[in-house]
Amino acid sequence: MRTLDTEEFVVRLREKLDEEIAEYRRAEASAEAIEELADILEVIYHLAEVHGATVEELEAVRIRKRDKRGGFGQRLFLIEADE
């Protein structure tokens, strides 16, 4: 084991995020999917931290964007958007 500098830590976290997303996509049962989603969140929380945000700040950004642009609660699919 060795301690990574910030730059390599971000690279490795991004690789880990790809890995965890792939595992989520392969999950067949809901319980397994939840486990993988928890792993994804763990990676995301650390990525937010290295980019200078707390979990709470990240959540505030998520809510602000959802309130401005909408979320997925109604299961709507955007086909096209005007620039």
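The values are calculated or read from the model by the stated rules, or taken from the named source; none is laboratory data. Note that this is a predicted model, so its numbers are computed, not measured. We place every Cβ from the backbone using ideal geometry, glycine too, and count neighbours over all the protein chains shown.
Looking at Gly71 and the list (1) at pLDDT 95 or above; (2) surrounded by 11 or more Cβ atoms within 10 Å (Cβ to Cβ), which single condition is not satisfied?
The failed condition is (1).
Could you check the stretch 45-68 and list, in sequence order, the residues that are within 15 Å of the chain's Cα centre (by Cα) and either acidic (Asp, Glu) or at pLDDT below 90 (or both)?
Scanning the stretch 45-68 gives Glu49, Glu56, Glu57, Glu59.
Just for helices (runs of 4 or more DSSP H) wholly inside the chain: which have at least 1 residues that are in contact (Cβ under 8 Å) with a residue 40 or more places away in the chain and not hydrophobic (A, V, I, L, M, F, W, C)?
6-26
Taking the stated definitions as given, is Ala29 modelled with pLDDT of 95 or more and either within 14 Å of the chain's Cα centre (by Cα) or hydroxyl-bearing (Ser, Thr, Tyr) (or both)?
Here the answer is no, as Ala29 does not meet what is asked.
Hey, can you tell me all the residues within the stretch 12-42 that are touching an Asp or Glu at 6+ places or on another chain (Cβ under 6 Å) and closer than 22 Å to Arg62 by Cα? So that I can check it myself, show each step before the final result.
As a first pass, look at the stretch 12-42 and keep what is touching an Asp or Glu at 6+ places or on another chain (Cβ under 6 Å): 20, 23-24, 27, 36, 39-40.
Of everything in the stretch 12-42, those that are touching an Asp or Glu at 6+ places or on another chain (Cβ under 6 Å) and closer than 22 Å to Arg62 by Cα turn out to be Glu20, Tyr24, Glu36, Asp39, Ile40.
Anything in the stretch 36-58 that is exposed (fewer than 13 other Cβ atoms within 10 Å of the Cβ) and either among the basic types (Lys, Arg) or over 25 Å from Glu7 (Cβ atoms) (or both)? List them, or say none.
Passing the criteria: Ala38, Glu56.
Checking Phe9 against (1) exposed (fewer than 14 other Cβ atoms within 10 Å of the Cβ); (2) of a type outside the set (S, T, N, Q); (3) at pLDDT 95 or above, which test does it fail?
(1)
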